[in-house]
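Asker: Dumping the structure here so I can ask a few things about it.
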Amino acid sequence: MVKQESSYDFRPVTKKDLPMIAGWLAEPHVAEWWDDPETEIAEIADHIDSISVEPLIVELDGKPIAYLQSYDPHMEDGHPYADQPFGTLGIDVSIGRPELIGIGHGSAIVRQFVEDLFEEGVPRVIIDPDPANLRAIRAYEKAGFLAIDRRQSIYGDVVLMAIDAEDAQEG
């Protein structure tokens, strides 16, 4: 299990990171939930200079272990989550290294990142796992997210989950 004092660093993705991320996207535990690596890498490369999506590398002890992106659903025309309260940010995360799956990093990474967003004034954070991705859903619940909706969208069938800043402060 993850040590309680584990702390993650989040740094912007650079073009040098793309081959590493492509390798992660090809790992079976990631490939199952993302589109084909070529399409995803092209999108991540586009996000490097984006104002609506922030692609990040998650590091533990100075070593890259995961990909995380945050996005503003209000900055894209017709985004399926634009009905969320203004200021809401969405996140997606994938642990790249298979040996780090299933030991608590997912919920710990998400919890730390969400706390950082709340400190910056973000009122709500959403995440949208595939309903069949039970491991991810459990990790997000462990991080404090609650399922608020089930949706069919351009991203497929998803469980829309949210955590609100005021609820996190009460807990």
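The values are calculated or read from the model by the stated rules, or taken from the named source; none is laboratory data. It should be emphasised that the depicted structure is a prediction, and the values quoted were computed from it without experimental measurement. Heads up, the Cβs are rebuilt from the backbone with ideal geometry, glycines too, and the neighbour counts pull from every protein chain shown.
Asker: Looking only at the stretch 55-90, which residues are over 20 Å from residue 14 (Cβ atoms), assigned to a strand (DSSP E or B) and either aliphatic (A, V, I, L, M) or touching a His at 6+ places or on another chain (Cβ under 6 Å) (or both)?
Answerer: Taking the stretch 55-90 and keeping what is over 20 Å from residue 14 (Cβ atoms), we get 72-90.
From the residues that got through so far, the ones that are assigned to a strand (DSSP E or B) too are 89-90.
Hit for the stretch 55-90 is 89, nothing else.
Asker: Does residue 61 qualify as being at pLDDT below 95, more than 24 Å from residue 157 (Cα to Cα) and over 14 Å from the mean Cα position of the chain (by Cα)?
Answerer: Numbers: at pLDDT below 95: yes; more than 24 Å from residue 157 (Cα to Cα): yes; over 14 Å from the mean Cα position of the chain (by Cα): yes.
Yes: the conditions hold for residue 61.
Asker: What's the total number of residues in the stretch 64-81 that are hydrophobic (A, V, I, L, M, F, W, C), in contact with a helix residue (DSSP H, G or I) (Cβ under 6 Å, 6 or more places away or on another chain) and modelled with pLDDT under 95?
Answerer: Total meeting the criteria: 0.
Asker: May I pose another question? Look through the stretch 108-133, keep the residues that are in contact (Cβ under 8 Å) with a residue 60 or more places away in the chain and of a type in the set (Asp, Glu), and return whichever of them is farthest from residue 65 (Cα to Cα).
Answerer: Ranking the qualifying residues of the stretch 108-133, first place goes to 130.
Asker: Which condition does residue 129 not pass, out of (1) crowded, with 20+ Cβ neighbours inside 10 Å; (2) closer than 17 Å to residue 74 by Cβ, if it passes all the others?
Answerer: (2)
Asker: Do you know which residues across the stretch 81-118 are on the phi > 0 side of the Ramachandran plot and among the aromatic types (Phe, Trp, Tyr)?
Answerer: If the condition is that a residue be on the phi > 0 side of the Ramachandran plot and among the aromatic types (Phe, Trp, Tyr), then no residue fits.
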